[in-house]
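Visitor: Pasting a structure here, questions to come.
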Amino acid sequence: MTDFTTQTLPTEPDATAPDGSDVRILPGLAGGGMAHFELAPGKTSSAVRHRTVEEIWYILRGNGQMWRYQDGREEITDLTAGLCVTIPLGTHFQFRSTGQEPLSAVAVTMPPWPGEDEAEFVAGKW
């Protein structure tokens, strides 16, 4: 039996993601993990693709853009509070914060994040 987990958002980041964003680790279960990501105003992440996980992001605040590329299909999406985007397995992606406040999102990773070797750097849009 799995224990219940209850947690508030940590004040300070737990880590820096391979793409350069600040990460606050949130609870997870066997099928997936959750984290809070934040990118400072004017910053652009490094472009990556994940080897074994896919993600669903929900934008909490800020403004930005996300570039996604997979199998010859390319898209740039404007990110604003309330928007939800998916990052399917193998998608190349990059995001940037274009507003006056940090770009902030929560994301579910399925399966849970396996470790540092998960993200592979790729050529990005920006």
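Readers should treat all values here as calculations from the given coordinates under stated rules, not as data from a laboratory. The shown structure was predicted, so the numbers you read here are calculated from the model rather than taken from an experiment. Please note: Cβ atoms are built from the backbone with ideal geometry, for glycine as well, and neighbour counts cover all protein chains shown.
Visitor: Evaluate the distance, in nm, between pseudo-label points positioned 7 Å from the Cα of ALA15 and of ALA30 along their respective Cα→Cβ axes.
Guide: Placing both labels 7 Å beyond Cα along the Cβ direction yields 2.2 nm.
Visitor: Beyond 21 Å, how much of the Cα-Cα pair distribution for the chain remains, as a whole percent? Can you show the working numbers first?
Guide: On the way: 2753 of 7875 pairs.
Taking all Cα-Cα pairs of the chain, the fraction more than 21 Å apart is 35 percent.
Visitor: Here's another thing I want to ask about it. Report, in whole Å, the centroid distance computed from the Cα atoms of the stretch 63-126 and the stretch 10-53.
Guide: One Cα centre to the other: 10 Å.
Visitor: Let me ask something additional. In whole percent, what relative contact order does the chain give with Cα contacts below 8 Å and a gap of six or more residues?
Guide: Details: 330 pairs, mean separation 40.3, N = 126.
Value for the chain: 32 percent.
Visitor: For every other residue with a beta carbon closer than 9 angstrom to the beta carbon of PRO18, add +1 if it is Lys or Arg and -1 if Asp or Glu, then tell me the sum. Don't jump to the answer; show the numbers that get you there.
Guide: Values: positive: none; negative: ASP19, GLU116, GLU118, GLU120.
Value of the local net charge: -4.
Visitor: What spacing in nm lies between the two simple spin-label points modelled at THR80 and GLU116, each 7 Å away from Cα in the Cβ direction?
Guide: Each label point is offset 7 Å from its Cα along the Cβ direction, giving 4.0 nm.
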